[in-house]
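Written out below as structure tokens is the structure these notes cover.
The values are calculated or read from the model by the stated rules, or taken from the named source; none is laboratory data. Keep in mind the model is a prediction, meaning the values are calculated, not measured. Virtual Cβ from ideal backbone geometry, glycine too; neighbours counted across all protein chains shown.
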Amino acid sequence: MSAQNNCVIGIDYGTDSVRSVLVDTEGNKLSESVHQYSRWKDKKYCQPTENQFRHHPLDYLEGLENTLSNVLQNVDDEIAANVKGIAVDTTGSTPVAVDKTGTPLAFKDEYAENPNAMFILWKDHTAVKEAEEITDLARSWDGPDYTKYVGGIYSSEWFWAKILHTIRNDQQIRDAAYSWVELCDWVPYELTGGDDVHQMKRSRCAAGHKAMWHEEFDGLPSKEYLSTLDPELADLRDRLFTDTFTSDQPAGTLSKKWAQKLGLSEDVVVSVGAFDAHMGAVGGEIEPYYLSRVMGTSTCDILVAPYDDVQDNLVKGICGQVDGSVIPGMVGLEAGQSSFGDVYAWFRDVILEPFAQVIDESDLLSDDQKRKLIDEAEDKLIPKLSKAAAEVEEVDTGIVALDWLNGRRTPDANQLLKGAIEGLDLGSDAGRIFKALVEATCFGAKAIVERFRDEGIPIEGIIGLGGVAKKSPYVMQTLANVLDMPIKIAKSDQVCATGAAMFAATAADLFSDVSEAKDVMGNGFGTIYEPNPDKTEQYQRLYHQYQSLGEAIEKRIEDKTN
């Protein structure tokens, strides 16, 4: 690489880890690094039985410094000197309570072990009751329906519900929190040396999809609406924000502290942040009316459409439609599944847990052998289950499952829902059960596609992104069969970080706009999964059984909670 070539860095904060990639402006990956969150790995600050999932901000900062240092150490000084921009994508909605300087409360000694002072992860569903209140009030009061641009149903996974739940249940945090910020806003703020939360540039993507921000409302929901929910929220509104920014805009330049840590120039531009799937869709070279599916622990499904095409068509039951949230100048529409790969991991762990206990108690192996055997089993179980499922000849085994193990995100968010499996008998082995679980996740995807189409939004193709898309041919082939559509898989193995790099290059004025950066820096597509016509019709029948089971389970849960 010539020393004259410009470079940028994309940073992708996921559920389990953060990764950074250094690429040139032709899209060539020069270096990458991944950091696993140590506290998260030790299951700290989480209570899965109560749907509580939190990240300590130290996990984020340690990952930021480690991955950035590593990607720069792996290249020569000439390349590092040509870094022009950095951009960040994160999970979301992942808010945290902060003081007036924008410092998360978990960094203060008195709150260092308080989960409510930490980032509330996207998958945290402790705020189901509050989300219902937000939805019910939006539909019943005399003012605007603030949920109209987020599908008409507010989710417990989102900004206001998490804040409301926290301030109602933790007076210390309620009193200490000056403001609240999203992770995708905080990391760029940290990199640029921010010290006044009112100066933090807030992401259009995060605010529009999760905080009910819209220009029609002059920003966030009104104080009158918020006060009806809780007077504390009305007071908080003045300490939040009015303006939002698309991610092709600079949040600032690298602070002296971070420039010195990394050996970079203080002229390096840091762009406004966004959510992982939205930047990932750009990294995966999204086109209008192609559904970009980032498939990992959950899924986030992204579609872009020209504003003139969408106009006043509000799609019900999705996760929002926001002007400029993906590609500035187009409407970004978001949907998704609350669990996807997590469904497979759950079944793996159900099998693994008693096995691991037996091995741990064995007198036949050393402690080191025990650990290695358990680790090997954990690594190999899902591939083995996939192979066993693929070898089942019949499409209809009689087993039907629901994918709602972590509730339902789209269509029509309902985090109270639970998973289910019906049709088991003594011949139902692990391969057949795993097959039904994979089919359930694919049926969940089909429900999303059908909702878009029913609401007048065409789906012309599917783009597969993320770990499951890259590593699970069985899942992808099943998905193609269920959707009866080809699925093309993006070549990049770090597509979200690559998308972030495209935004970094645009914010640094290396390209005229994000679309140009996408076209030049994209890595193209690899595997294409074509539907098997011998199976698509059978899967349509099974999909109807999935819907029937879903209706029965939803009715039962509704009756139980009323």
How many residues, within the range 55-84, are farther than 16 Å from Tyr13 by Cβ and of a type in the set (Asp, Glu)? 3
In the range 113-139, anything in a loop (DSSP other than H, G, I, E, B) and either buried (at least 19 other Cβ atoms within 10 Å of the Cβ) or modelled with pLDDT under 95 (or both) is listed as Met118, Leu121, Trp122, Lys123, Asp124, His125, Thr126, Ala127
Among the candidates Gly143, Gly193, which residue alone is surrounded by fewer than 23 Cβ atoms within 10 Å (Cβ to Cβ), part of a loop (DSSP other than H, G, I, E, B) and either of a type in the set (D, E, K, R) or out of contact with any strand residue (DSSP E or B) (no Cβ under 9 Å at 6 or more places or on another chain) (or both)? Gly143
Looking for something touching a helix residue (DSSP H, G or I) at 6+ places or on another chain (Cβ under 6 Å), surrounded by 19 or more Cβ atoms within 10 Å (Cβ to Cβ) and farther than 25 Å from Asp175 by Cβ - is there at least one such residue anywhere in the range 44-54? no
Grab the helices (runs of 4 or more DSSP H) fully contained in the range 471-543, keeping just those with 1 or more residues being out of contact with any helix residue (DSSP H, G or I) (no Cβ under 6 Å at 6 or more places or on another chain) and within 30 Å of Gly431 (Cα to Cα). 473-483
Checking Thr498 against (1) surrounded by fewer than 20 Cβ atoms within 10 Å (Cβ to Cβ); (2) in the same structural domain as Gly280 (by TED's automatic domain parsing); (3) hydroxyl-bearing (Ser, Thr, Tyr), which single condition isn't satisfied? (1)
Just to check your reading of the model, which residue among Asn51, Asn74, Asn70 is in the same structural domain as Gly263 (by TED's automatic domain parsing), in contact with a His (Cβ under 6 Å, 6 or more places away or on another chain) and polar (S, T, N, Q)? Asn51
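Residues are listed down the side, and each one gets a yes or a no for (1) assigned to a helix (DSSP H, G or I); (2) in the same structural domain as Thr135 (by TED's automatic domain parsing); (3) within 25 Å of Thr410 (Cβ to Cβ); (4) not aromatic (Phe, Trp, Tyr):
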{"residue": "Ser156", "(1), (2), (3), (4)": "no, yes, yes, yes"}
{"residue": "Trp160", "(1), (2), (3), (4)": "yes, yes, yes, no"}
{"residue": "Arg168", "(1), (2), (3), (4)": "yes, yes, no, yes"}
{"residue": "Gln172", "(1), (2), (3), (4)": "yes, yes, no, yes"}
{"residue": "Tyr189", "(1), (2), (3), (4)": "yes, yes, no, no"}
{"residue": "Ala207", "(1), (2), (3), (4)": "yes, yes, yes, yes"}
Considering only the range 494-510, I want to know if a residue exists there that is small (Gly, Ala, Ser), out of contact with any strand residue (DSSP E or B) (no Cβ under 6 Å at 6 or more places or on another chain) and modelled with pLDDT of 95 or more. yes
